[in-house]
Amino acid sequence: MEESYLIIAEQDCFVLRYASIDDFQEIDNITIVCYTAIHESWFEMQSKSIVEALSTPGVSWQERKTKQNHDLFAEHPNWVWVLECNSDIIGFVTFKINYERGLGIIDNNGVLPQYAGKGLGKFMYRHVLEYFRKEGLNVAFVETGLDDPHIPARKAYEAVGFDRSAPVIFYWQDLRKNNPGSRSDE
């Protein structure tokens with residue numbers, strides 16, 4: 001049996017396993033479903049012109065986000081896991097490891113909305129953290145937003161032991177508009 005099909009953990013009907021290349025249609029779909037509200041929140045905060053300036057021309061956010069998962073799988077296939085229920089893929093989690101720094105980073109992840117609130121994110125994160133420990137890592141890191149679409153993620157990360165945070169704020173300015181912060185007496 002290929003390692004990509006090895007089971008990592010099971011709970012009720014849920015099976016967490018290594019992803020295979022054949023899983024990417026479902027992983028891409030889940031990525032788009034789970035990140036749409038986040039993208040819309042960022043779009044609302046930034047504005048169309050700022051989003052366009054910060055984005056790669058001709059590449060949609062969906063293409064950029066799904067490409068991150070494909071690129072990671074191409075380099076480190078064991079760092080992409082899927083969550084199944086009755087053989088249907090309903091979630092995924094990706095992570096990165098910097099062995100030199102002893103650092104594990106939880107990256108893109110999501111669970112289909114109809115499975116939300118069942119503790120499945122926590123289930124995946126606990127097993128990723130266990131994997132980090134088995135790999136001899138010292139620190140786990142995850143980055144998430146402070147906007148409303150990220151509330152479930154923040155709660156799940158805190159529930160599995162992430163207990164240190166540093167709030168960050170991003171500022172943008174559309175330079176084509178009047179700059180209300182400029183002062184003529186300076």
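Of the residues that sit in the stretch 98-125 and are of a type in the set (D, E, K, R) and more than 17 Å from the chain's Cα centre (by Cα), which one is nearest to Leu16 (Cα to Cα)?
Filtering the stretch 98-125 for residues that are of a type in the set (D, E, K, R) and more than 17 Å from the chain's Cα centre (by Cα), the one nearest to Leu16 (Cα to Cα) comes out as Lys118.
Report, ordered by the first and then the second residue, all pairs with beta carbons closer than 7 Å, sequence separation of six or more or different chains, a first member in the stretch 17-31 that is within 12 Å of His70 (Cα to Cα) and at pLDDT 95 or above, and a second member that is basic (Lys, Arg) and in a helix (DSSP H, G or I).
Note: pairs meeting the criteria are Thr31/Lys65.
Residue by residue, here is whether (1) in contact with a helix residue (DSSP H, G or I) (Cβ under 9 Å, 6 or more places away or on another chain); (2) touching a residue at least 60 places away in the same chain (Cβ under 8 Å); (3) not charged (D, E, K, R) holds:
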| residue | (1), (2), (3) |
| --- | --- |
| Asn86 | no, yes, yes |
| Thr144 | yes, no, yes |
| Asp148 | yes, yes, no |
| Ile151 | no, no, yes |
| Ser165 | yes, no, yes |
| Val168 | no, no, yes |
| Asp174 | yes, yes, no |
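Against the conditions (1) part of a strand (DSSP E or B); (2) farther than 21 Å from Ile21 by Cα; (3) among the hydrophobic types (A, V, I, L, M, F, W, C), where does Leu137 fall short? Just the number, please.
Unmet condition: (1).
Here are Glu52, Glu44, Glu63, Glu75: which of them is closer than 30 Å to Asn138 by Cα, of a type in the set (Asp, Glu) and more than 14 Å from the chain's Cα centre (by Cα)?
None of the others qualify; the one that does is Glu75.
Does Leu6 qualify as being closer than 20 Å to Lys134 by Cα and surrounded by fewer than 18 Cβ atoms within 10 Å (Cβ to Cβ)?
Criteria met by Leu6.
I need every pair where a residue in the stretch 122-140 that is of a type in the set (Gly, Ala, Ser) has its Cβ under 6 Å from the Cβ of a residue that is surrounded by 17 or more Cβ atoms within 10 Å (Cβ to Cβ), sequence separation at least 6 or different chains.
Ala140/Gly104; Ala140/Leu129; Ala140/Phe132
For residues that are of a type outside the set (S, T, N, Q) and touching a helix residue (DSSP H, G or I) at 6+ places or on another chain (Cβ under 7 Å), scanning just the stretch 5-20, find the one that is nearest to Gln114 (Cα to Cα).
Phe14
Could you check the stretch 132-171 and list, in sequence order, the residues that are modelled with pLDDT under 75 and within 21 Å of Ser49 (Cα to Cα)?
Once the filter is applied, which keeps residues that are modelled with pLDDT under 75 and within 21 Å of Ser49 (Cα to Cα), the stretch 132-171 yields only Asp147.
The values are calculated or read from the model by the stated rules, or taken from the named source; none is laboratory data. Note that the coordinates shown come from a computational prediction; the quantities given were computed from them, not determined experimentally. We place every Cβ from the backbone using ideal geometry, glycine too, and count neighbours over all the protein chains shown.
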